Amino acid sequence: VKKPIIAIDGPAGAGKSTISRKLAHELGLLYLDTGAMYRAITWLVMDKGIPLDDTHAIALEVEKATIELSPSDDLKLPVTVRVNQRDVTKEIRTPAVTKNVSHIAAQKAVRAKLVKLQQVYGKQGGIIAEGRDIGTNVFTNANLKIFLTASVNARAKRRSHDLRQQGETNIDLPQLEKDIAQRDFLDSTRELAPLQQAPDAIALNTDNLSIEEVTEKIKQFIAGSE
Ligand code: C5P
């Protein structure tokens, strides 16, 4: 049997990364963090000092860029990301990159390159891919599609918890809520492959569920889809 492709989409901070990483680990599947790829390109564009709206210069830069992802064996660690050989694992998680990423992810040349790369990772199956357009665009034939959601408040609280764990003490919850809502707005109203629930995706609201409960539910869906 061909190994499954599982698509996990949803807005920022709904728990996609934590859940996908855990599932991939438990099921022995490859974990693909597609947001990390858009973040890597955003970092590159900023590092080169290219204006975010210079789509031509960005396209040229993206075309020649190499991006490598290597998932960590440690469940707590995010994927290691290299762009043009340089390790940018930490840099791609900064607030500056988070703030700009939606503008870069809306551009045609960027999406064309990254979607192709994602599809190469998925060729053999046996993959859990998380992002915004996995079920609607990257792997439309996925064996299972999940659309993870949570209220803006719940998502902002989780982000603040994560930031605190990273040592951040100066956290403004209302501002976090605004930033999350703004990123959702940009991601779901863009022209190309906007954030949207696929018609055949199962929606799962994680407001009142623990990580373990969400993981268990998805495992049941996977078992049911086989
Ligand atoms: O998931 P994460 O927050 O790391 O994603 C960062 C950004 O990358 C999203 O806000 C979105 O603009 C973009 N993205 C995308 N398509 C994906 C994954 C991420 O446009 N499949």
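The values are calculated or read from the model by the stated rules, or taken from the named source; none is laboratory data. Everything quoted here is computed from the prediction, not taken from an experiment. Reconstructed Cβ throughout: ideal geometry from the backbone, glycine too, with neighbour counts over all protein chains shown. Heavy atoms of the whole protein, side chains included, go into the accessibility calculation; ligands, DNA and RNA do not. Shrake-Rupley method; radii C 1.70, N 1.55, O 1.52, S 1.80 Å.
A few notes on this one:
- Shape of the range 72-125, Cα gyration tensor, a/c cut at 1.5: oblate
- Ellipsoid equivalent to the range 153-206 - semi-axes via the Cα gyration tensor, in Å: 27, 14, 9
- Note that the range 130-202 presents 56 Å² accessible area per residue, ligands and nucleic acids not counted, probe 1.4 Å.
- Computed helical MRE - 222 nm, the chain, DSSP H runs ≥ 4 contributing -39500 (n - 2.57), nearest 500: -15500 deg cm²/dmol
- Rolling a 1.4 Å probe over the protein heavy atoms gives the range 11-88 an accessible area of 46 Å² per residue.
- Loop-located trypsin sites (Lys or Arg not before Pro) in the range 33-93 (DSSP state not H, G, I, E or B) with no more than 13 neighbouring Cβ atoms inside 10 Å: 48, 76, 90.
- Cα-based shape type of the range 27-162, given that a ≥ b ≥ c are square roots of the gyration tensor eigenvalues and the cut on a/c is 1.5: rounded
- Note on the range 119-187: with charges restricted to the Cβ of Lys and Arg (+1) and Asp and Glu (-1), its dipole about the Cα centre is near 180 debye.
- Separation of the residue 121 and residue 103 label points, Cα + 7 Å toward Cβ, nm: 2.5 nm
- For the range 133-226, the average shadow cast by the Cα convex hull is 7.2 nm², which is a quarter of the hull's surface.
- Computed FRET value (nearest 0.05) for residue 223 with residue 168, which takes r as the C-beta separation and R₀ as 35 Å: 0.35
- Residue 25 contributes an accessible area of around 110 Å² to the protein surface, as traced by a 1.4 Å probe with all chains present.
- Dipole in debye (nearest 20) - the range 45-144, about Cα centre, beta carbon charges: Lys, Arg +1; Asp, Glu -1: 120 debye
- Available extension along the chain between residue 59 and residue 203 is 48.4 nm, counting 0.36 nm per residue and deducting the alpha carbon span.
- Basic side chains Lys and Arg get +1 at the Cβ, acidic Asp and Glu get -1 at the Cβ, and with that the dipole of the chain about its Cα centre reaches some 280 debye.
- Efficiency of FRET from Cβ geometry, residue 157 and residue 76, R₀ 22 Å, rounded to 0.05: 0.70
- Largest GNM mean-square fluctuation among 157, 123, 108, using the chain with Cα springs under 10 Å: 123.
- For the range 1-67, a Kirkwood radius taken over Cα pairs fed into Stokes-Einstein (25 °C, viscosity 0.890 mPa s) yields D = 172 µm²/s.
- The fraction of accessible area contributed by carbon and sulfur in the chain is 52 percent, rounded to a whole number (1.4 Å probe; ligands and nucleic acids excluded).
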